[in-house]
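Everything below concerns the one structure shown next.
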Amino acid sequence: MSEPREAFIEKLMAHITRLTMIPKVQVERAVAPILGLFIAELLSARWSKQVVMICEEFPLRKAQAKEAKGIRTYQSTNIDWLLYDATDDQLVFLELKTADTSFDPAQEEIYRRLIMEIGECGSSFLVKDIEEIMFASLERKKYEEVLKCVQDPCYSNCRKAKLVYLAPAAMREARGQHPGNGVEWLSFQDLPEEAPGEFAVEWRIIRRQLVQLDRMTRHSRNGTQEGGERRNYGDTCGFEEMVRLCEENGNTIVVGFDGGPRKLRATTLDEICKRPAFKWDHTEGGKGVKDDRNWIPGRKFLEIVEGLMDD
């Protein structure tokens, strides 16, 4: 891949990441078309299954209370991606979130109701709903395009479906989600590092930028900790991103680690890699007051980590 192309992707994703700090900007709308190019293959690799894309922004008809009175409504909500797990003969409702504050309980309830209905009577009603919405819409050609995406009989004969959130790790933690509640949560860190095909290099750049969203919270965006106290670090990130930042910035950044270099050397590489997040900051213009005993210059951090790798 040419260097200009790589530089463009890097600049594009950095720009999108920056937009998380701009009020009212819906970053999901910028990220979804990019992720959509890779998501089926990434989930296939993640789950070791054959996952195929059915349709982006798939319309799901809302059930309204007045329908109980015999009045048919045609309002819909859209799932970011509808996919098909051919290995398990299962539909996948995949919802993308890029901010820890964007969870919508009413939206999830709609998805849960539809998944329950699929289990009871099969998924054929999804196609029927789109047909009915289409006839009531002034944009019939768009719904005709959606119908083309669901022509495969497999998609309308499913008796299983599941809801998956692709969202910042901070959102999952804030909601206290655990396996077994009928919803699967994936963070950006959970997405495979490698993507097959001609855009493998681009994907590595995209993923590296998206992983930054995992630890971004309302408090980190506003420079405060829980309870509104000022924090003493610039940002957080995972291990891979921390190594990259140290390689690029050297001693112009510091890494937070309780006990400093001595404690880091006594920690196993496996423990370091599994650490959810590392605090870091710039040496000049950093936030708050730092105890030097718990902060490691970037080059020293790299030196210790590389030593643990050699061991």
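The values are calculated or read from the model by the stated rules, or taken from the named source; none is laboratory data. What you are looking at is a predicted structure, and each value in this text was computed from that prediction instead of being measured. Positions of Cβ are generated from backbone atoms using ideal geometry, with glycine treated the same way; all protein chains shown enter the neighbour counts. Please note that ligands, DNA and RNA were not included when accessible areas were found on the heavy atoms of the full protein model with its side chains. Shrake-Rupley method; radii C 1.70, N 1.55, O 1.52, S 1.80 Å.
Side notes on the structure shown:
- Taking the criterion of being at pLDDT 85 or above and either aromatic (Phe, Trp, Tyr) or open to solvent by 50 Å² or more (accessible area, probe 1.4 Å) (or both), the residues of segment 3-20 that qualify are 6, 7, 8, 10, 11, 12, 15, 18.
- Residues of segment 271-297 classified as among the hydrophobic types (A, V, I, L, M, F, W, C) and either open to solvent by 80 Å² or more (accessible area, probe 1.4 Å) or modelled with pLDDT under 85 (or both), total: 1
- Every residue from segment 187-206 that is surrounded by fewer than 16 Cβ atoms within 10 Å (Cβ to Cβ), in a helix (DSSP H, G or I) and either of a type outside the set (D, E, K, R) or without any contact (Cβ under 8 Å) to a residue 40 or more places away in the chain (or both): 200, 201, 204
- Flag for residue 105 being open to solvent by 70 Å² or more (accessible area, probe 1.4 Å) and either out of contact with any His (no Cβ under 9 Å at 6 or more places or on another chain) or on the phi < 0 side of the Ramachandran plot (or both): yes
- Residues that are open to solvent by less than 20 Å² (accessible area, probe 1.4 Å) and among the hydrophobic types (A, V, I, L, M, F, W, C), drawn from segment 111-145: 114, 118, 126, 130, 133, 134
- Of all residues in segment 231-266, those that are assigned to a loop (DSSP other than H, G, I, E, B) and touching a residue at least 24 places away in the same chain (Cβ under 8 Å) total 8.
- Test result for residue 146, at pLDDT 95 or above and closer than 28 Å to residue 207 by Cβ: no
- All of (1) open to solvent by less than 20 Å² (accessible area, probe 1.4 Å); (2) at pLDDT below 95 hold for residue 164 with one exception: (2).
- On inspection, residue 67 fails the criterion of being of a type outside the set (S, T, N, Q) and at pLDDT 75 or above.
- Candidate set from segment 146-160 (those that are out of contact with any strand residue (DSSP E or B) (no Cβ under 7 Å at 6 or more places or on another chain) and not basic (Lys, Arg)); member that is surrounded by the most Cβ atoms within 10 Å (Cβ to Cβ): 156
- Which listed residue is modelled with pLDDT of 90 or more, assigned to a strand (DSSP E or B) and open to solvent by 60 Å² or more (accessible area, probe 1.4 Å), from 95, 57, 41: 57
- Taking segment 103-186 and the helices (runs of 4 or more DSSP H) fully enclosed by it, the elements with 1 or more residues that are of a type in the set (Asp, Glu) and out of contact with any Phe, Trp or Tyr (no Cβ under 6 Å at 6 or more places or on another chain) are at 105-121, 124-135, 140-149, 169-175.
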